[in-house]
Amino acid sequence: MEEERLKSILASLLFAAGEPVSLARLAAVFDDLPRAAVQKALAAMAAEYRAENRGIVIDEVAGGYQMRTPKDHASYVRKLLAARPPRLSRPLMETVAIIAYRQPITRPEIEQLRGVDTGGVLETLLERRLVKIAGRKDAPGRPMLYETTDEFLELFGLKNLEGLPDLSEFREIERAVEQTTTGPVEGIETHPEDAVAVDPALSDEVGSSSAGEEPDEPGPGTSDDNKNKTSH
């Protein structure tokens, strides 16, 4: 098959899928092409789209390939859609960040780090499919283990967990997440460096607390944080 023909078909597949599609699934569409040829064509397409400053880019996200809008087009896309996407509150951000860096992790371990009950927060993250139950820990009580999902990687524009940022970047990340936008073709405007915000208790590498900041929503340890247990 001619390379340009292959690229054209791949563009149609990615557009129709909307979600990240693995290389294996894409290669399975073609009976007479090796996986390496499909991967080479995808890489060439991604380079061409960026070099030509097109309105669509092809990124590797959550273990697959996806069509997304460039980061600097996000404000225009939001105006067209006339709505801001739902954002993650501070308790949700802190909890999903702890899970991302410490997974698999149990609820008691999360609560020890955050210092508050996280039952309602975990329930919300499960409903949004950002985390999942990964079995039970071999410990007294057999507590459930939690880990992040492919939807988590897609939401934050991460190819895999190796793309998680350093803990020192969290202050900028927390502000950058405000710009997150979603959609099957529109994609997410954040990149790996715009991934998640985290509680300073996660690591001694974080030298300062967020106590001096004015969060959009009440921070951990307040009565509002516990309201997540019953209202979502």
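The values are calculated or read from the model by the stated rules, or taken from the named source; none is laboratory data. Small disclaimer: the values here were computed from a predicted structure and weren't measured. Positions of Cβ are generated from backbone atoms using ideal geometry, with glycine treated the same way; all protein chains shown enter the neighbour counts. The accessibility values were calculated without ligands, DNA or RNA, using every heavy atom of the protein model including side chains. Shrake-Rupley method; radii C 1.70, N 1.55, O 1.52, S 1.80 Å.
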Original post:
Under a 1.4 Å probe, what is the accessible area of region 3-87 per residue, stated in Å²?
Top reply: 58 Å²
**OP:** Taking amide H positions as placed in the peptide plane 1.01 Å from N, state which residues far from Ser22 in sequence (5 or more) or on other chains have amide H under 5 Å from it.
**Re:** Tyr65
**OP:** Taking H placed 1.01 Å from N in the peptide plane, check which residues at least 5 places from Tyr146 or on another chain put their amide H under 5 Å from its amide H.
**Re:** Ile105, Thr106, Ala134
**OP:** Report the net charge of residues surrounding Lys7, where surrounding means a beta-carbon distance below 15 angstrom and charges are Lys +1, Arg +1, Asp -1, Glu -1.
**Re:** -1
Original post:
Can you give the three extents of the C-alpha atoms in region 1-72 along their principal axes, from longest to shortest, in whole Å?
Top reply: 38, 24, 18
Original post:
Which shape class, rounded, prolate or oblate, goes with region 83-158 when its Cα gyration tensor gives a ≥ b ≥ c as root eigenvalues, a/c under 1.5 marks rounded, and past that a/b bigger than b/c marks prolate?
Top reply: prolate
Subject >> Per-residue SASA entry for Arg102, accessible area with 1.4 Å probe, Å² rounded to 10 >> reply: 110 Å²
Original post:
At a probe size of 1.4 Å, how large is the accessible area of Ser89, to the nearest 10 Å²?
Top reply: 10 Å²
**OP:** Calculate the length of the line joining the C-alpha centroid of region 11-86 to that of region 88-157, in whole Å.
**Re:** 29 Å
